[in-house]
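Undergrad: Got a structure for you, questions after.
The values are calculated or read from the model by the stated rules, or taken from the named source; none is laboratory data. Source: prediction; values computed, not measured. Glycine also receives a Cβ, built like all others from the backbone with ideal geometry; neighbour counts cover every protein chain displayed. Side chains included, ligands, DNA and RNA excluded: accessible areas come from the protein's heavy atoms. Shrake-Rupley method; radii C 1.70, N 1.55, O 1.52, S 1.80 Å.
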Amino acid sequence: MRGTASDYSLVTPKSLCEALTLIQQGAHPLAGGTDLMVLFEAGSLQWKSLVNIAGLKELKGIRFQQDRVELGALTTYTQILEDKKVVSHFPMLAESARLTGAWAIQNRGTLGGNIANASPAADSPPSLLAYDAEITLTSATGDRTIPYVDFHQGYKKTAIREGEIIRSITLPFPRRHSHTYFRKVGTRNAQAISKVVVAGLAHIIGGRLDQFRWAVGSLAPFPKRCRHVEKILWGNRVAKDLIQTACDNLKNDIAPIDDIRSTSTYRMIVARNCLKDFLEQLL
Amino acid sequence: MKPTFKLKINGKAFAVQAHPLERLLDVLREQCGLSGTKEGCGEGECGACSVLLNGELVNSCLVPIAQAAGAAVLTVEGLASKSLSALQKSFLEHGGAQCGICTPGMLIAASALLKTSRRPNEKKVREALAGNLCRCTGYQNIVESVVGAHKESR
Ligand SMILES: Cc1cc2nc3c(=O)[nH]c(=O)nc-3n(C[C@H](O)[C@H](O)[C@H](O)COP(=O)(O)OP(=O)(O)OC[C@H]3O[C@@H](n4cnc5c(N)ncnc54)[C@H](O)[C@@H]3O)c2cc1C
Ligand code: FES
Ligand code: FES
């Protein structure tokens, strides 16, 4: 049953500074609400003290620098899709956004919320991992920036410390002529939670892979890079037998489960087929 | 005491007293007498509660009233005027409504689309309405209603 509003408090702070003080005191951030309000409806929203961070301008905006782009934590999927430069430099992120929910969710849902919510099935993390993003966390005592690959540490376990929130996500431009691959497999094209989601980035020089990242969602307790597979491919020439070896090793990186959305067997097959598909495009 | 939130709904100024976490959906239906906006799922899946918030399509079941403070809201009631709009006429002509529960949300989602794309094709319409579920029509008539809406406006 739905939660009762009066059991909760929701404060709208005037500044980031005020928000961070409240968060330091134990309050929990509310951004677009597309995850939290669902919990509220289900009666399972455990955080009683909430801070409405949605209006904070310090957490908004898309800023390009020479070799990177910084996306404020409050950047919505719609804002990603409306930014032509983001779409052209980061097609996998754009695909994640385009395939997240439907329009109404894309208008409200934020990148920071998607990352912090840390669902193993979330659609943006694989793209962010494949682009080797960095994440900046902020608290009343200052900012710190860490590689995004170190952010997800276990099921719903992240590197966010008490008193911290996500300020921004920074993506370096991929090298010229990088190949990318993004695939979301769900029950229907829109508004479906992923059964499998994958993102890959490869760069070839002199016929050899000198960069290869393969990131997955819904295939492990948290979004992750497939290090075994990457290691096998890195530095090598893509060929039929190497593809076979890489695909055979995928099982060392992922541990898909049976749940209401799909089965472990199906997920394993789809994950393998996606990897094979990408690598065959590189032949 | 509950705080007061000011917002403009269908062009009219409202001041409502509500807990900040109360859903925009409930404020519209229970305090503003605007029961055109429906509740289907209450969790963002069905689109029956669709409204435009500062011109953007949102699910009002997922918006706490504190996040609508000072905003302009358009509900299905705001689409009506003395005469039927082109979109409404097209829904009538194509049989776009059966039981009608999804219809307010469909009309709002369609008007969000028609604001940016005056003559959307079927693919575009299906994409724009992807977050709106209908258990009656099988969608075809709804899609045809929206695709056909521009013809009515001539
Ligand atoms: C119908 C529907 C369909 C959906 N479809 C998809 C989908 O296809 N793919 C997908 O990946 N997700 C999907 N989602 C989930 C959700 O929309 C996304 O995860 C969204 O990005 C969450 O962002 P938000 O701003 O709405 O988060 P909120 O609900 O506001 O917050 C989510 C969590 O993140 C925390 N948080 C938010 N911002 C910050 C911050 N800056 N720093 C620290 N913590 C923060 C909150 O405290 C909370 O724990 C769907 C949800 C619904 C209701
Ligand atoms: S009632 Fe809001 S989306 Fe279903
Ligand atoms: S007409 Fe009945 S749900 Fe759409």
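Undergrad: Would you compute, from DSSP H runs of 4+ residues alone, the mean residue ellipticity of chain A at 222 nm, taking -39500 (n - 2.57) per run and dividing by the full residue count, rounded to the nearest 500?
TA: The helix-only estimate for chain A comes to -9000 deg cm²/dmol at 222 nm.
Undergrad: Between B:Glu39 and A:Ser9, what FRET efficiency follows from the Cβ-Cβ distance if R0 is 35 Å, with the result rounded to 0.05? Display every interim value, and only then the final one.
TA: Values: r = 24 Å, r/R0 = 0.70.
Computed FRET efficiency for B:Glu39 and A:Ser9: 0.90.
Undergrad: If you average 1/r across every pair of different Cα atoms in region B:81-153 and take the reciprocal, what Kirkwood value do you get, in Å?
TA: Hydrodynamic radius (Kirkwood, Cα only) of region B:81-153 equals 11.9 Å.
Undergrad: Here's something else I'd like to know. Over 10 Å intervals from 0, what percent of Cα-Cα pairs in the protein assembly as shown sits in each interval?
TA: Spelled out bin by bin, the protein assembly as shown gives 4, 20, 28, 25, 16, 6, 1, 0 percent.
Undergrad: Could you state how much accessible area is buried at the A-B interface, both sides summed, with a 1.4 Å probe, in Å² to the nearest 100? Write out the running numbers ahead of the final one.
TA: Numbers: alone 13900 and 8260 Å², together 19790 Å².
Its buried surface, counting both partners, is about 2400 Å².
Undergrad: With a 10 Å cut-off between alpha carbons and a GNM built on chain B, which of B:Ala112, B:Ala15, B:Ala97 moves the most?
TA: B:Ala15
Undergrad: While we're looking at this one, here's another question. So, counting K/R as plus one and D/E as minus one, what does the shell of residues with Cβ under 13 Å around B:Ile9 add up to?
TA: Counting the neighbours of B:Ile9, the net charge comes to +3.
Undergrad: If you don't mind, another one. I need the shape label for region A:1-148. Rule: rounded when a/c is under 1.5, else prolate if a/b > b/c, else oblate, with a, b, c from the alpha carbon gyration tensor. Walk me through the intermediate numbers first.
TA: Working: a/c = 2.03, a/b = 1.38, b/c = 1.47.
Here region A:1-148 falls in the oblate category.
Undergrad: Still on this structure: Roughly how big is chain A's charge dipole about its Cα centre, with Cβ charges of +1 (Lys, Arg) and -1 (Asp, Glu), in debye to the nearest 20? Provide the component values of the computation, followed by the final result.
TA: Details: 35 positive and 26 negative charges, 97 e Å.
Value, rounded to 20: 460 debye.
Undergrad: Counting helices only, and only those DSSP H runs with n ≥ 4, report the 222 nm mean residue ellipticity of chain B as the sum of -39,500 (n - 2.57) divided by its residues, in deg cm²/dmol to the nearest 500.
TA: -7500 deg cm²/dmol
Undergrad: Would you work out if region A:149-283 is rounded, prolate or oblate? Take a ≥ b ≥ c from the square roots of the eigenvalues of the alpha-carbon gyration tensor; rounded if a/c is under 1.5, else prolate when a/b is larger than b/c, oblate otherwise. Present the calculation step by step, with values, prior to reporting the outcome.
TA: On the way: a/c = 1.80, a/b = 1.23, b/c = 1.46.
It is oblate, given that a/c is not under 1.5 and a/b is not larger than b/c.
Undergrad: Let me ask something else. Quick one: which bits of region B:107-144 get at least 40 Å² less accessible when the partner protein chains are in, versus the chain alone, with a 1.4 Å probe?
TA: Residues passing the criterion (a loss of at least 40 Å², heavy atoms only) are B:Glu127, B:Ala130.
Undergrad: Answer with one residue from A:Phe64, A:His28, A:Gly43: the one whose Cα lies farthest towards the positive end of the charge dipole of region A:24-87, charges on Cβ with Lys, Arg +1 and Asp, Glu -1.
TA: So the residue furthest toward the plus end is A:Phe64.
Undergrad: In addition: Let me check against my output: what whole-number percent is the relative contact order of chain A, with C-alpha pairs under 8 Å and at least 6 apart? Before the final figure, lay out each step's value.
TA: Working: 576 pairs, mean separation 42.1, N = 283.
Relative contact order, chain A: 15 percent.
Undergrad: Using a 1.4 angstrom probe on heavy atoms only, work out the carbon and sulfur share of the accessible area of region B:4-78 in %.
TA: Whole-percent figure for carbon plus sulfur exposure: 45.
Undergrad: A further question follows. Taking the Cα centre of region B:61-148 as origin and charging only Cβ (+1 Lys, Arg; -1 Asp, Glu), how large is the dipole, in debye to the nearest 20?
TA: Numbers: 9 positive and 5 negative charges, 42 e Å.
I would put it at about 200 debye.
Undergrad: Grab the other residues whose beta carbon is less than 9 angstrom from that of A:Asp253, score K and R as +1, D and E as -1, and report the net.
TA: Its environment carries a net charge of +3.
Undergrad: Counting only heavy atoms of protein chains, what accessible area per residue, in Å², does the protein assembly as shown have with a probe of 1.4 Å?
TA: 45
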